[in-house]
Structures are given as structure tokens and as C-alpha cells.
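The structure appears below as C-alpha cells.
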Amino acid sequence: MKFTTRFAPSPTGPMHLGHAYSALLAHDFARATDGRFLLRIEDVDTARSRPEWEELIYSDLSWLGIHWDGSPMRQSDRLPAYRAALQSLWDRGLLYPCHCSRRDIAAAASAPQEGAEPAYGPDGLIYPGTCRGTSTRSGPLPDDTALRLDMHEALHRLRDNAPFCFEETGPILTDTPTRIRFTAQSMIETVGDIVLSRKDFLGSYHLSVVLDDAAQGISHVIRGKDLFEATKIHVVLQQLLSLKTPVYTHHKLIRDETGKRLAKRDDARAIAKYRAEGVTPHDIRAMVGL
């Protein structure tokens with residue numbers, strides 16, 4: 001199997017040191033193994049994506065010495081694929097419309113339940129299931145509301161695949177992968193019914209990343225530890241959609257002096273700012289430990 005990985009930034013702000021680390025790690029290993037390094041622009045969030053940020057991504061990557069194979073994939077060109085996957089899940093009764101606002105979910109999650117604290121998952125507060133039994137699941141695919149995956153029903157359909165698992169490698173990608181196992185019950189308790197499509201744009205991160213990785217033939221996904229729990233969601237979606245599960249590497253997060261994870265709003269660590277100050281690509285590598 002030819003090693004194929006990718007870097008998938010969103011054009012919603014400047015790349016920072018954390019992005020540079022992830023891109024360099026994936027790029028270097030692809031080149032060292034005569035593999036393929038692909039670029040994907042995750043621009044489905046049209047409200048926040050900007051052409052100037054996309055151009056800066058290309059510029060920053062080229063300055064770092066990162067060159068990708070072929071033309072970049074753009075999520076905005078992939079909407080028919082997302083709709084087809086949603087239609088498949090809808091036709092199988094695995095999705096339901098949700099009309100709850102964030103405020104509704106917070107209020108339901110904070111309601112007294114034998115003194116239990118609100119539960120959080122990869123997407124924040126775990127949805128309490130308010131619309132699960134009240135929304136219709138028949139007729140045409142709704143396009144004017146959020147659509148949630150009925151996690152309990154989805155896992156019931158996949159019960160013959162249990163236990164669920166994926167292969168995880170360490171920072172040295174040639175290490176023998178470790179098999180990470182998780183149960184259906186843990187997904188129900190710690191993840192819940194996730195949103196797969198929102199009212200304001202088609203396809204959530206979870207749905208699009210799974211479909212795009214499959215479309216690009218990604219053999220190894222290299223990304224931060226903050227997405228480790230989300231990987232379990234992606235494995236479930238891969239099984240529901242009959243897609244192959246890649247090998248995953250969840251690398252360290254680059255943090256500031258206080259230990260806080262970097263974010264795009266942290267312009268002090270923006271690659272463009274370092275470039276303007278005369279920092280070299282070699283210096284960037286040293287900063288992130290490569």
C-alpha cells in the first residue's frame with residue numbers, strides 16, 4: 001500500500017506553528033517513503049472562509065518547503081458527494097431533523113438529573129436527544145434544518161462489527177500500529193447524536209472529512225491529539241458508508257508559554273508574521289521540534 005497522507009487546512013485565518021508542525025510531519029514522511037502528500041482546502045464554512053486566507057496557505061506552505069502532489073481538493077466542490085451520503089443515511093432511517101438551538105441544548109443538558117453534571121463530548125455538550133423521537137424520518141431529505149445521526153440506531157445496525165477499532169501509530173510513523181478499541185456503549189454515553197449537516201451549510205466536519213479522505217485514497221491521517229476522540233466518530237461513519245479506515249497518527253499539540261493550545265486568533269504565532277520578521281523555515285522546524 002502506497003503511503004498517502006494529506007494536510008487539510010481551513011481558509012478562515014492565518015496558519016500558525018501548530019499547522020506548520022502537522023504539515024511538515026506529514027510532508028516529510030510522505031517524501032521519505034516515496035509516498036504522496038495531498039492538500040485539501042476545507043472551505044465548506046463559507047461564512048468564515050476567505051480567498052486571501054487560502055492564498056496565504058499556499059504561500060506559507062511553499063515558503064516552508066512543502067510541495068503537494070496534484071491539485072488541491074476543495075470541499076466546496078464536493079457538495080454533491082456530501083448530499084449523496086446524507087441521502088443514503090436518511091433513506092436508511094439513520095438521520096433525524098433537529099430544531100434545537102445551542103441555548104436549547106445547554107438548557108436541557110443543565111436540567112437537574114440526579115445531581116449529574118452536564119456531559120461533554122468531541123463536539124461540546126452531548127445532545128440530550130430532544131428531537132430524536134419527535135422528528136419525522138420520512139419524505140425527502142430536509143435541507144432547511146440540522147440533521148443528526150441516531151447513534152444508538154447506527155450502532156445497532158453495526159453490531160456485527162463490534163468491537164470497533166482503528167490502528168494508531170506513534171510520532172515515528174514506521175512504528176507498529178496499536179489497535180485502539182472502543183465500544184458501542186461508550187459512543188452512546190460520550191458522543192451521542194452528532195450533527196452531520198447544518199442548516200447553514202451542507203455536511204459537517206465529521207461527514208466531509210470521512211468522505212474526502214476516502215475520495216483522496218488517504219492511507220494515513222496525521223493530525224493533532226485534540227481530534228483523537230473524533231476519530232471514533234469517523235470510524236463509525238466509515239463503517240456505515242462502507243469506506244476503508246486509514247491508519248491514524250495523533251501528534252502532540254504546539255502550545256504557547258502558558259501551555260495553551262494555539263488557535264488561529266493567536267496571530268503572534270502566525271507563520272506569515274514569522275516570515276515578515278526574518279525567521280527562516282529552518283527556524284520554524286526548530287521551534288516545533290523537527
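The values are calculated or read from the model by the stated rules, or taken from the named source; none is laboratory data. Model, not experiment: these values are computed from the prediction. Virtual Cβ from ideal backbone geometry, glycine too; neighbours counted across all protein chains shown. These area figures cover heavy atoms from the full protein model, side chains too; ligands, DNA and RNA do not enter into them. Shrake-Rupley method; radii C 1.70, N 1.55, O 1.52, S 1.80 Å.
Global size of the range 181-238: 12.2, 34 Å for Rg and Dmax (C-alpha atoms, Rg to one decimal, Dmax whole).
In a solvent-free Debye calculation with one equal scatterer on each Cα, what is log10 I(q)/I(0) for the chain at q = 0.07, 0.08, 0.11, 0.12 Å⁻¹, listed in the order of the q values? Log10 of I(q)/I(0), two decimals: -0.28, -0.37, -0.71, -0.84.
When a 1.4 Å probe is rolled over the protein heavy atoms, the share of accessible surface on the range 33-167 that falls to carbon and sulfur comes to 49 percent.
Take 137-149, 203-215 and order them by the average number of nearby Cβ atoms within 10 Å per residue, most first; the result is 203-215, 137-149. Summarising the label geometry, the points placed 7 Å from Cα in the beta-carbon direction at residue 145 and residue 285 lie 5.4 nm from one another. Annotation: average projected area of the range 1-58 is 4.2 square nanometres, based on the convex hull of Cα atoms across all directions. With N as its number of residues, the range 1-122 has a Cα radius of gyration that, divided by 2.2 N^0.38 Å, comes to 1.44. Here each label is just a point 7 Å from Cα along the line to Cβ, and for residue 87 and residue 130 those points are 3.1 nm apart. Under the simplified labelling scheme, the residue 179-residue 63 pair shows an inter-label distance of 4.6 nm, with each label point 7 Å from Cα along Cα→Cβ. Dipole magnitude for the range 1-103: about 460 debye, using +1 per Lys or Arg Cβ and -1 per Asp or Glu Cβ, origin at the Cα centre. Note on the range 63-150: Kirkwood radius taken over Cα pairs, Stokes-Einstein applied at 20 °C and 1.002 mPa s, translational D equal to 133 µm² s⁻¹.
Please return the longest range in the chain lying between exposed loop sites, taking GluC sites (Glu not before Pro), DSSP loop only, at most 12 other beta-carbon atoms within 10 Å, and leaving the sites out. Longest gap between qualifying sites, sites excluded: 115-256.
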